[in-house]
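Enquirer: Pasting a structure below so you can have a look.
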Amino acid sequence: MMNLYTKKITTQSEMVQFVAPVWTLLSEAYENVKGGLNFDSKQDLIDSTCQWKIVFSGKKILAVTIYKAKKGLKLVAMATNKLFKSIAKPALIQLIKNEIKHCWMELSEAAEHFVLKYCNGRQHMINKSQISALLNKSISLDSDDHYHYYRTIKNIRKQKIIVGNPNFMQVC
């Protein structure tokens, strides 16, 4: 078994050290997502986030999660290194399982499927009656279930769900 470890990155100087490989992983992960990656540049990624968690095997980056300070800690992006999929995917699953108790995330498409199926997401779904206040944005509540809603991001209407713990008041 490889020796895996997670590094918590909280300063811009640390982010600068890792931004190139992290940007590459995120860009690849979001290339087929409607609306793509919600950061305009590497500098925007650094400036608009407060914490990254990076899972390493030696010097190789296997997985990454990106956070903003919003009603606690909001996980806003995630990715795995496709070159090491067999160990990167389980590493990301374990990271999110640990994080879901201490942060929240707004999910759609493949990320929603991944977190609900592999990361105990169903145990941490947030009822859509709380979502408008949580996001401080208007959403469309026309879904039949108690958790999904629609919101427009980058002029694209997307079905979303929130999982995690938005009341956890730890900031970056």
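The values are calculated or read from the model by the stated rules, or taken from the named source; none is laboratory data. From a predicted model like this one, the values you see are computed outputs, not experimental measurements. Neighbour counts are summed over all protein chains in view; Cβ atoms, including those assigned to glycine, are modelled from backbone coordinates with ideal geometry. Just the protein is used for accessible areas: all its heavy atoms, side chains included, with ligands, DNA and RNA removed. Shrake-Rupley method; radii C 1.70, N 1.55, O 1.52, S 1.80 Å.
Enquirer: Compute, for His146, the solvent-accessible surface of its heavy atoms (probe 1.4 Å) with the complete set of protein chains present, and express it in square angstrom to the nearest 10.
Expert: 120
Enquirer: Please compute the length gained on full extension between Glu28 and Thr11, using 0.36 nm multiplied by the number of residues separating them and subtracting their Cα-Cα distance.
Expert: Taking Glu28 through Thr11 to full extension adds about 3.7 nm, to one decimal.
Enquirer: Further, regarding this structure: Could you work out the local net charge near Gln123, counting Lys and Arg as +1, Asp and Glu as -1, over the other residues with Cβ closer than 14 Å to its Cβ?
Expert: That sum, taken over residues with Cβ under 14 Å, equals +3.
Enquirer: Per the 1.4 Å probe, what fraction of the accessible area of segment 53-113, in percent, lies on carbon and sulfur atoms?
Expert: Accessible surface attributable to carbon and sulfur in segment 53-113 totals 57 percent.
Enquirer: Of the listed values (i) 8, 25, 20, 15, 12, 8, 5, 4, 3, 1, 0; (ii) 10, 39, 39, 12, 1; (iii) 9, 37, 36, 15, 2, 0, grab the one calculated as P(r) over Cα pairs in 10 Å bins from 0, in percent from the structure here.
Expert: (ii)
Enquirer: Additional query: Of Lys74, Lys82, Lys137, which has the largest mean-square fluctuation in a 10 Å C-alpha GNM of the chain?
Expert: Top of the fluctuation ranking is Lys137.
Enquirer: Moving on. Rounded to the nearest 10 Å², what accessible area does Tyr5 show when all protein chains are kept and the probe is 1.4 Å?
Expert: Using a 1.4 Å probe on the heavy atoms, I get roughly 110 Å².
Enquirer: Less than 15 Å Cβ to Cβ from Ala111, Lys/Arg counted +1 and Asp/Glu -1: what total charge do the surrounding residues give?
Expert: Values: positive: Lys34, Lys74, Lys89, Lys97, Lys117, Arg122, Arg151, Lys158, Lys160; negative: Glu28, Glu31, Glu99, Glu106, Glu109, Glu112.
So the environment of Ala111 carries a net charge of +3.
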